[in-house]
1. Grab the Cα-Cα distance for V23 and R65, subtract it from 0.36 nm times how many residues apart they are, and report the gain in nm with one decimal.
2. Over all alpha-carbon pairs in the range 1-63, figure out the percentage whose distance exceeds 15 Å.
3. Can you check what the Kirkwood hydrodynamic radius comes to for the chain, Cα pairs only, in Å to one decimal?
4. Would you mind working out the magnitude of the charge dipole of the chain relative to its Cα centre, with +1 at each Lys and Arg C-beta and -1 at each Asp and Glu C-beta, to the nearest 20 Debye?
5. Express the carbon and sulfur contribution to the solvent-accessible surface of the chain as a percent, rounded to the nearest whole number, probe 1.4 angstrom.
6. Quick one: among A14, A24, A101, which has the greatest mean-square fluctuation in a GNM of the chain with alpha-carbon springs under 10 angstrom?
Amino acid sequence: QVRLVESGGGLVQAGESVRLSCVASGNIFSINDIGWYRQAPGKQRELVAIIARETPIYASFVKGRFTISRSPAKNTVYLQMNSLKSEDTAVYYCNIQPPVAWGQGTQVTVSS
């Protein structure tokens with residue numbers, strides 16, 4: 001079983017940057033695809049970015065602003081978020097494919 005713990009969120013101004021981290025523990029050798037998701041208040045959870053077969057794939061609304069990367073040991077995945085907008089405000093989660101239990105996520109709040 002894989003367990004995921006997200007961190008790095010906070011309150012930032014529009015245009016600023018934040019780097020999120022997700023540490024995986026447990027059977028990390030079973031992890032292939034891993035990605036970041038977000039859920040804004042009153043909205044459904046949506047995919048932000050994913051590393052699928054070593055290839056990063058981004059949602060159109062973050063392309064060019066966010067970068068997903070993975071540590072060489074493959075137990076940590078990062079999301080570098082630049083040029084943040086108020087609409088990026090959400091709780092950010094990571095998960096693998098196939099998904100395991102969702103963690104608590106990390107809140108990112110962008111003030112304009």
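The values are calculated or read from the model by the stated rules, or taken from the named source; none is laboratory data. This is a predicted model, so every value here is computed, not measured. Note that each Cβ is placed from the backbone with ideal geometry, even for glycine, and that neighbours are counted across all protein chains shown. Calculation scope for accessible area: heavy atoms of the full protein, side chains included, ligands and nucleic acids excluded. Shrake-Rupley method; radii C 1.70, N 1.55, O 1.52, S 1.80 Å.
1. 12.9 nm
2. So the pairs more than 15 Å apart make up 64 percent of the total in the range 1-63.
3. 13.9
4. About 100 debye.
5. 50
6. Result: A101 has the largest fluctuation of those listed.
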